[in-house]
Amino acid sequence: MVAHVRDERTRHRRKMIIGALATLIIASAATYVVLVMEMEDRRARVARLRGRPSAYGSTEGFKRTPRWPDKERNSKWLLGYEESSWWQIISRLTASADEHPQLLKQFKAKTRVGWPIFQQLLLDMSRDATLRERQDVSIPLSMKLCASLRHLATGSSFDSMEDAFRVSAQVLRRFFWDKFIPWMIANKYSEVVRAPRTFDELAHVVGEFEAAGFPGCAASVDGTHVAWVGFRAGDRADMTGKEGYPTLVFGVTVDHSYKIMHITRAHPGATNDNVVMLEDEFHQTTMHSDLYKNFEFTLYDEDRRKVRHRGVYAICDGGYGDSRNLVSAFRNAGVVGPKLDWSRWVGSVRKDVECTFGVLKQRFRILYTHIARRKANDVENMFKVCAILHNLILERERVQPSADGYAQYVNALQRDIAENDDGADLHEPAAYANLSAADDIARSEGAENPQPDPALDCVGGASPLVLRKKRALQDALVVHLEHYRKVHRAEYGVDVFVYTSSRENALRRMADRM
């Protein structure tokens with residue numbers, strides 16, 4: 001009897017436990033379903049507010065409809081790129097480029113790159129397994145590469161290029177952003193856009209500036225803005241700087257022949273140049289390497305004797321702080337005198353970086369458009385690809401510095417200087433004010449006969465030591481330019497020119513008149 005009662009109680013307890021567990025499981029499942037539904041509803045609301053990337057055929061109930069229903073097989077989907085004028089140009093130039101000089105000129109004018117550069121890029125891309133195309137139905141790689149170059153050159157929309165290339169705008173867009181831009185950055189950027197890596201390369205770059213009166217100068221640096229409308233609405237204030245509209249700013253370092261040596265990452269348009277320089281790898285790391293900080297050059301002193309100095313520098317405007325390796329014009333150059341003349345000459349010589357911006361934006365008109373890409377990194381990579389192509393063109397079409405064509409090339413591309421120059425060289429009207437107390441302090445400490453410290457300083461605040469080193473180098477360059485002009489007149493019979501090609505042209509005209 002007792003055992004029977006014990007079994008009944010045990011069964012009752014089991015039923016109670018099983019019932020409690022079942023209730024708990026059902027309640028947990030119901031709670032989970034409610035939470036999932038709330039999360040999905042919240043995600044849907046956020047997606048409606050922020051927007052989400054669209055995918056072809058992602059709409060519910062979407063049914064793909066052929067473009068040409070009356071055609072058969074793949075023909076009903078394709079636009080027929082074989083019938084486009086671009087395919088005819090590419091086919092004829094591939095077969096025999098030398099027989100079509102007019103087509104070569106048209107191809108270069110429309111894509112900005114010559115046929116040899118296009119062929120080399122096409123060959124390098126065709127060797128990459130990630131860019132190989134199916135031979136049966138895919139669009140040829142040459143057509144998509146040509147369309148990408150055309151997009152950079154003109155800034156035309158992919159929809160408008162669809163009619164010209166007879167290739168789907170979706171195909172062109174995906175190839176440009178997902179394949180062409182990443183491939184160029186991964187395979188060409190570090191190879192083409194780079195600073196000198198050997199002593200001979202650095203000596204060649206320094207020699208170009210030395211002929212203009214700046215021995216030891218290795219680069220010119222400035223910032224350029226690219227309009228961007230893909231930013232988040234709350235970031236408009238950070239993106240809008242002196243341009244008056246939202247932009248991204250890049251710090252660009254070039255040599256005296258317009259070759260781009262380094263580009264910083266993209267910064268909001270309102271970022272100061274000094275802040276951009278804090279993250280500039282070239283000026284923070286490369287300029288402090290043994291090759292650059294131990295490079296020796298000579299300057300004339302007060303007695304016209306050559307004094308050896310060590311450590312290269314770059315010329316810039318007055319917005320880059322007081323680092324010794326970033327030399328700018330005097331902020332208070334006086335009313336007349338050597339300092340004012342030297343400050344004006346700095347403004348003339350460093351126009352190479354302003355000219356580079358003009359050449360780059362005239363050549364690749366997409367940089368003049370308001371780019372609507374959502375990711376700033378995409379805009380940065382696109383800007384760097386333009387720099388890659390710019391350097392490839394310079395290397396391929398290199399003209400000797402003393403040739404007439406080089407001077408004409410430079411003069412023809414001066415029209416954008418006024419738009420790109422920020423006028424920060426002389427800091428008007430302070431450039432015509434009296435000498436500052438800092439000038440008097442530097443003079444009293446022996447800055448008239450300077451011996452610059454070869455060590456390079458980091459970009460930072462204007463501490464007395466940092467300011468003294470920069471002023472010492474500036475004063476030494478002022479003295480050098482004054483004597484270098486006299487030596488140049490005695491040797492060539494003409495004053496110093498910004499470019500050696502201008503000097504050669506002047507000497508040739510003088511010889512013709514005689």
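A short reminder: the numbers here are calculations on the coordinates, not readings from a lab. Quick caveat, the model's predicted, so the values are computed rather than measured. Positions of Cβ are generated from backbone atoms using ideal geometry, with glycine treated the same way; all protein chains shown enter the neighbour counts.
Annotations for the structure displayed:
- Neighbour-count order for ARG324, ARG9, fewest beta carbons within 10 angstrom listed first: ARG9, ARG324
- Going by neighbour counts of Cβ atoms within 10 Å, the residues THR111, THR356 line up, fewest first, as THR111, THR356.
- The spread of Cα positions in the stretch 246-286, taken along each principal axis and listed from longest to shortest, comes to 30, 21, 13 Å.
- ASN187/TYR32 FRET efficiency (R0 41 Å; Cβ-Cβ; nearest 0.05): 0.25
- On full extension, the segment bounded by PHE199 and ARG174 gains 4.8 nm, given 0.36 nm per residue less the C-alpha separation.
- Applying 1/(1 + (r/R0)^6) with R0 = 41 Å to the Cβ-Cβ distance of ARG265 and THR94 gives a FRET efficiency near 0.60.
- Cα-based radius of gyration of the stretch 74-192 once divided by 2.2 N^0.38 Å, which approximates compact folds: 1.03
- Cβ crowding within 10 Å averaged over residues, with 325-337, 494-506 ranked highest first: 325-337, 494-506
- Gain upon complete extension [SER156, ARG304; 0.36 nm per residue less C-alpha separation]: 47.6 nm
- Amide N proximity, the stretch 185-212 versus ASP341 label position 7 Å along Cα-to-Cβ, cut-off under 18 Å: 211-212
- Ranked for footprinting exposure by Cβ neighbours inside 10 Å, fewest first, LYS306, LYS470 give LYS306, LYS470.
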